[in-house]
Amino acid sequence: MFAVENGLQGDPRLQAISDAIRVIPHFPKTGIMFQDITTLLLDPVAFKHVVDIFVERYKHMNISLVAGVEARGFIFGPPIALAIGKVISEEYELEYGNDRLEMSVEAVKSHERALVIDDLVATGGTLSASINLLERAGAEVVECACVVGLPKFKGHCKLKGKPLYVLVEPSQLEEGLTF
Amino acid sequence: MQSIVSSHHLCLAPPPPVVSHRLVCHRLVCHRVPSIRLPNHCSTTSLRLFNCAASRESEMAAVAKVDGQDPRIPKIASSIRVIPDFPKPGIMFQDITTLLLDTEAFKDTIDIFVERYKGKGISVVAGVEARGFIFGPPIALAIGAKFVPMRKPKKLPGKVISEEYSLEYGTDKIEMHVGAVEPGERAIIIDDLIATGGTLAAAIRLLERVGVKIVECACVIELPELKGREKLGEAPLFILVTSDAA
């Protein structure tokens with residue numbers, strides 16, 4: 001579900017967020033239009049909008065744990081966790097295996113209500129693995145949250161039965177810019 | 001040698017409430033607990049006293065003044081777990097994940113850094129991958145600065161500048177996006193821990209090459225036996241907790 005579908009239609013913060021994200025064509029390989037959130041982080045106002053919108057949504061959902069996926073999830077997770085007064089657990093992607101994710105077993109107690117955060121959702125593979133890890137440790141995943149998501153995640157699309165909340169669709173490449 | 005300064009800012013406004021929705025518990029799992037020393041040579045040069053109505057604040061001022069120690073630091077220190085022989089035998093790994101699981105300790109950590117750097121004209125918070133990404137952004141947001149990730153090679157998608165640094169065996173590189181910072185900006189560099197100082201020294205060189213002034217390097221933990229400070233040149237270092245390396 002996108003923010004615009006859930007009460008934030010016309011919210012100027014979403015446009016500011018979208019405008020702050022840079023597109024890098026053909027990274028990491030040909031054909032991929034990479035959504036670069038580092039330019040968002042250079043814009044304190046837009047970065048704060050991202051955190052504010054997530055905090056507004058999750059403040060009253062009784063979340064006890066924010067799980068951030070390495071490494072860009074580490075950037076968005078902690079500010080959200082601090083604002084809603086929750087603890088943070090980290091999940092690590094192993095360098096040599098794209099499909100492995102690790103989490104400290106002691107980080108999660110049974111019956112925690114967890115939020116998973118990452119910068120972007122494309123295939124949903126990483127988030128699905130995160131959900132698996134947290135459920136194996138006994139947590140209940142309440143929702144997955146991403147700054148950017150492909151349009152296919154509109155509506156009530158779920159990942160492993162869990163709802164997904166996305167702020168903006170991928171930004172488009174502007175003509176004439178070089179990187 | 002730079003001295004460790006702990007700064008205390010007391011103000012008329014009451015501190016924001018810490019809302020904890022769950023009971024905080026420490027899960028310290030160690031075979032041996034090496035000493036975690038608290039900095040004991042803190043100066044109170046930044047201590048400002050206002051006429052506070054709240055007696056709690058004046059009690060805090062008295063404690064801080066008596067031993068020069070920010071009262072939040074012992075809790076932060078005790079929330080850090082030490083894992084012996086990780087990643088290899090003889091290394092006492094300083095695991096800050098337990099600090100992150102302690103809502104109050106993490107908030108206090110960020111608050112101490114924010115109090116120190118707010119209102120000092122710092123426009124850049126540079127965070128070293130990956131645990132610098134955990135501490136840097138909340139600080140950047142609170143002081144209204146940019147957050148600039150400094151990453152391992154090939155992670156940043158746009159044009160980058162790189163700086164090489166030495167490892168025990170071989171070298172590694174740290175990278176930053178071209179155009180992320182501008183000459184004349186004032187920056188702090190954040191990482192969770194300083195050991196040999198190689199990474200931080202490379203981050204300093206990278207930023208200075210593009211004309212940025214390094215106001216300070218800030219870490220939660222220092223391993224002083226590894227003498228990382230000596231690699232930082234003119235840049236001051238601010239630390240919350242020191243620990244024996246082995």
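Remarks
- Options A:ALA81, A:ALA71, A:ALA67; residue that is assigned to a loop (DSSP other than H, G, I, E, B), at pLDDT below 95 and buried (at least 20 other Cβ atoms within 10 Å of the Cβ): A:ALA71
- Cβ-Cβ contacts under 6 Å between residues 6 or more apart (or on different chains), taken from a first residue in the range A:30-45 that is in contact (Cβ under 8 Å) with a residue 60 or more places away in the chain to a second residue that is open to solvent by less than 50 Å² (accessible area, probe 1.4 Å) and not in a loop (DSSP other than H, G, I, E, B), are listed as A:MET33/A:VAL23; A:MET33/A:PRO25; A:GLN35/A:VAL148; A:ILE37/A:ASP119; A:LEU40/A:ALA20; A:LEU40/A:ALA46; A:LEU40/A:PHE47.
- Considering (1) over 20 Å from A:ASP119 (Cβ atoms); (2) within 8 Å of chain A (Cβ to nearest Cβ), the lone condition that B:PHE135 does not fulfil carries the number (1).
- Strands (runs of 3 or more DSSP E) wholly inside the range B:119-187 that include at least 2 residues being over 29 Å from B:LEU101 (Cα atoms): B:160-166, B:171-177
- Residue count for the range A:116-175, restricted to those that are of a type outside the set (Val, Ile, Thr) and assigned to a strand (DSSP E or B): 16
- Filtered residues of the range B:90-129 (kept if at negative phi and at pLDDT below 90): B:ILE91, B:MET92, B:PHE93, B:GLN94, B:ASP95, B:ILE96, B:THR97, B:THR98, B:LEU100, B:LEU101, B:ASP102, B:THR103
- Filter result for B:GLU208 (under 21 Å from the mean Cα position of the chain (by Cα), surrounded by fewer than 22 Cβ atoms within 10 Å (Cβ to Cβ) and part of a strand (DSSP E or B)): no
- Qualifying residue in the range B:87-102 (condition: farther than 16 Å from B:ALA145 by Cβ, over 17 Å from the mean Cα position of the chain (by Cα), charged (D, E, K, R) and part of a loop (DSSP other than H, G, I, E, B)): yes
- Scanning the range B:111-137 for residues that are within 11 Å of A:ILE75 (Cα to Cα) and open to solvent by less than 10 Å² (accessible area, probe 1.4 Å) turns up B:GLY127, B:GLY132, B:PHE133, B:ILE134, B:PHE135, B:GLY136, B:PRO137.
- Of all residues in the range B:129-144 being among the aliphatic types (A, V, I, L, M) and touching a residue at least 40 places away in the same chain (Cβ under 8 Å), the one that is nearest to B:ASP95 (Cα to Cα): B:ILE134
- For the range B:211-246, a tally of residues being in a helix (DSSP H, G or I) and of a type in the set (A, V, I, L, M) returns 1.
- Which listed residue, of A:GLY97, A:GLY176, is modelled with pLDDT under 95 and at positive phi: A:GLY176
- Residue in the range A:20-42 that is aromatic (Phe, Trp, Tyr) and either part of a helix (DSSP H, G or I) or more than 23 Å from B:GLY158 (Cβ to Cβ) (or both) present: no
- Pairs with Cβ under 6 Å, 6+ apart, first in the range A:74-86 and facing another protein chain (nearest Cβ under 7 Å), second surrounded by 24 or more Cβ atoms within 10 Å (Cβ to Cβ) and of a type in the set (Phe, Trp, Tyr): A:PHE74/B:PHE133; A:ILE75/B:PHE133
- Every residue from the range B:153-197 that is more than 9 Å from chain A (Cβ to nearest Cβ) and among the basic types (Lys, Arg): B:LYS173, B:ARG186
Residues are listed down the side, and each one gets a yes or a no for (1) closer than 18 Å to B:ALA130 by Cα; (2) among the basic types (Lys, Arg); (3) open to solvent by less than 30 Å² (accessible area, probe 1.4 Å); (4) touching a strand residue (DSSP E or B) at 6+ places or on another chain (Cβ under 7 Å):
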{"site": "B:LYS154", "(1), (2), (3), (4)": "yes, yes, no, no"}
{"site": "B:VAL160", "(1), (2), (3), (4)": "yes, no, no, yes"}
{"site": "B:VAL181", "(1), (2), (3), (4)": "no, no, yes, yes"}
{"site": "B:ILE189", "(1), (2), (3), (4)": "yes, no, yes, yes"}
{"site": "B:ASP192", "(1), (2), (3), (4)": "yes, no, yes, yes"}
{"site": "B:ILE214", "(1), (2), (3), (4)": "no, no, yes, yes"}
{"site": "B:VAL220", "(1), (2), (3), (4)": "yes, no, yes, yes"}
{"site": "B:GLU234", "(1), (2), (3), (4)": "no, no, no, no"}
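- The range B:85-97, residues that are facing chain A (nearest Cβ under 10 Å), open to solvent by less than 20 Å² (accessible area, probe 1.4 Å) and of a type outside the set (A, V, I, L, M, F, W, C): B:ASP95
The values are calculated or read from the model by the stated rules, or taken from the named source; none is laboratory data. Being a predicted model, the structure only gives us computed values, none of them experimental. Here the Cβ is made from the backbone with ideal geometry for all residues, glycine too, and neighbour counts use every protein chain on show. Keep in mind that these areas ignore ligands, DNA and RNA; they rest on the heavy atoms of the full protein, side chains included. Shrake-Rupley method; radii C 1.70, N 1.55, O 1.52, S 1.80 Å.
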